[in-house]
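Contents: one structure, followed by commentary.
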Amino acid sequence: MKNEFGAEYQKKLVSADDAVKIINSGDRIYYSEFALFPETLDKALAKRSDELENVNIESTCFTKVPEVAEKDPERKRFILSDWHFGGVSRNLHKRGLCSYIPFTYHQGPRVIRKYKDFDAAFISVSEMDSKGYFNFGISNSFASAVIDKAKTVILEINKNIPQCLGGNQESIHISRVDKIVEGKSNPLPEVPPLSPSQTDIKIAEHIMKEIEDGSCLQLGIGGLPNVIGRLIADSSLKDLGVHTEMLVDSYVDLYNQGKITGANKTIDKYKMAYTFALGTSKLYDFLDSNPSCASYPVNYINDPKVIALNEKVVAVNNAVQIDLFTQVCSESAGTRQVSGTGGQLDFIFGAFGSRGGKGIIGLSSTYTDKTGKKHSRIVPTLNPGSIVTLPRSLVQYVATEFGIVQLKGKSTIERAKALISISHPDFRDELIKDAVNMGIWD
């Protein structure tokens, strides 16, 4: 290190094998989130699998299968839990190797500070700068809270992590670090944009009617958000803002086309505010030392009170099912956990509080099962065991390929009729009969 903190850096620099020697049976570890999986430290810990028992490991959305899980198929030595399921955790869950931690995203740091303690935190960071700081890069949601509650802080350096400007709490100073490991610096995992379906395009066309000049956007990942981005790019919309938990490639395209300026935002004016990023190298390169972007912990970004400070917030989120009572399930298929509450409740609640804001649930009206049979996603009641992600009292807009409806202030009869009006025509008569039998429709 060619700066005044070089000596301290060298003093704390250890091999991954030496770093994980501090872990004992019964310890609790937190792995850094999303694309910043601490691969080198995980491999070193896996080497000790025969020595350890009952080591609890938590993270938020594993993007790589931990080697410790592969070393312990009976889940006796390493017990994995995830605060949000992606594809990796879903598959681990099917194998009985990972549990889900229910929570509302903006409350995560507070939950950690109030109720959690970690014996060690394995946090992937960028290289140290001349002032002695390591940047959390593209995953800032829980890092500060975890470090506050960890007995030992171990950093894994990855030279490919971009320097993501704050915001706040986007970095940690070397004085707060116990051990430093120089990792393999593998390229960050990329999530290419999904190609939208024709159904996605139709849903997006309905949602586009609700977006105005100066709107502040929250879009997730998937085919629907991608097509919304494409339609915005081809529209006359201007001076859009961004306040989102997840920054994705489509924002980069809209910014480069001049659609996103942030000029009408109330807070973080002229900046795209976010808590984590997940996409391709185009996104990661864009974020590197870019003053148009601001990284914050999730207790700021996803706080409904903070979200509501900006005007015309348009939050678009997906769902698995919605019933005629307008309860929304977005995270399970019956009893099977497939995702998590994430920030959906935060942004739907926050968008409604925003002046001119709109919280929108977008879903295809049907899905086809493995046998080729078509089912309605609008159902009389949620499938047994389904998790209610959004209570009916919070639901505002719902969009399918057959239209968009606003439900706030409507009675149970009006809500059921509105939902049936945007259901697939093949299921409408049956849904009306169900509503009558349930006493919703007179």
Completion exercise
For residue 61, the net charge from surrounding residues (Cβ-Cβ under 12 Å; K, R +1; D, E -1) works out to -2
Problem - Relative contact order for segment 198-437, counting Cα pairs under 8 Å that sit 6 or more residues apart, in percent - result: 18
Handout entry: Taking only Cα atoms of segment 285-399, radius of gyration then Dmax in Å
Key = 16.3, 51
Practice task
Extending each Cα 7 Å along its Cβ direction at residue 99 and residue 151, get the distance between those two points in nm, one decimal.
Solution key: 2.1
Handout entry: Separation of the residue 81 and residue 13 label points, Cα + 7 Å toward Cβ, nm
Key = 3.7
Problem - Cross-link partners of residue 271 among aspartates and glutamates (Cα-Cα below 19 Å; sequence separation of 8 or more within a chain) - result: 170, 212, 213, 239, 245, 249, 253, 285, 288, 303, 311
Handout entry: Exposure proxy order (Cβ contacts within 10 Å, fewest to most) of 41, 13, 283
Key = 13, 283, 41
Problem - Formal net charge of residues neighbouring residue 326 (Cβ-Cβ distance under 12 Å; K, R +1; D, E -1) - result: +3
Exercise for the section: Give the order of 40, 244, 199 when sorted by the count of other beta carbons within 10 angstrom, beginning with the fewest. Expected result: 199, 40, 244
Completion exercise
Restricting to Cα pairs under 8 Å and 6 or more apart, the percent relative contact order of segment 107-168 works out to 44
Problem - For segment 370-382, Karplus couplings with θ = phi - 60° (6.51, -1.76, 1.60), whole Hz, Gly/Pro x - result: 5, 8, x, 7, 8, 10, 7, 7, 8, 10, x, 9, 4
Practice task
Would you mind counting up the charge near residue 286? Only other residues with Cβ under 14 Å from its Cβ, with Lys and Arg at +1 and Asp and Glu at -1.
Solution key: -3
Exercise for the section: Starting with the fewest neighbours, write out 366, 400 ranked by other beta-carbon atoms found within 10 Å of each beta-carbon. Expected result: 366, 400
Exercise for the section: Would you mind calculating the relative contact order of the chain from Cα pairs under 8 angstrom and at least 6 residues apart, reporting the percent as a whole number? Expected result: 13
Completion exercise
The ³J(HN,Hα) series, computed from each phi in segment 430-440 with the Karplus coefficients 6.51, -1.76 and 1.60 at θ = phi - 60°, rounded to the nearest Hz and given as x for glycine or proline, is 5, 5, 5, 4, 4, 4, 5, 5, 8, x, 7
Practice task
Could you go through segment 41-50 in sequence order and give the Karplus-derived ³J(HN,Hα) for each residue, using 6.51 cos²θ - 1.76 cosθ + 1.60 with θ = phi - 60°, rounded to whole Hz, and x for Gly and Pro?
Solution key: 5, 4, 4, 5, 5, 4, 5, 9, 4, 6
Practice task
Could you list which residues have their amide H under 5 Å from that of residue 137, counting only those 5 or more apart in sequence or on another chain, with H placed in the peptide plane?
Solution key: 126, 164
Problem - Net dipole in debye of the chain [+1 Lys, Arg Cβ; -1 Asp, Glu Cβ; about Cα centre; nearest 20] - result: 600
Completion exercise
Residues meeting the amide H criterion for residue 182 (H placed from the backbone, H to H distance under 5 Å, 5 or more places apart or on another chain) are 14, 157
Practice task
Report, in whole Å, the centroid distance computed from the Cα atoms of segment 273-290 and segment 321-358.
Solution key: 25
Problem - Rounded to whole Å, sorted largest first: equivalent-ellipsoid semi-axes of the chain, Cα gyration tensor - result: 40, 26, 17
Fill in the blank from the handout: So residue 64 and residue 369, fully extended at 0.36 nm per residue minus their Cα-Cα distance, gain in nm 107.0 nm
Practice task
Decide, for segment 198-437, between rounded, prolate and oblate: order the square roots of the alpha carbon gyration tensor eigenvalues as a ≥ b ≥ c, take rounded if a/c falls under 1.5, and otherwise choose prolate if a/b is larger than b/c, else oblate.
Solution key: prolate
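Readers should treat all values here as calculations from the given coordinates under stated rules, not as data from a laboratory. None of the values given here were measured: they were computed from a predicted structure. For neighbour counting, all protein chains shown are included, and Cβ atoms are generated from backbone atoms with ideal geometry for every residue, glycine included.
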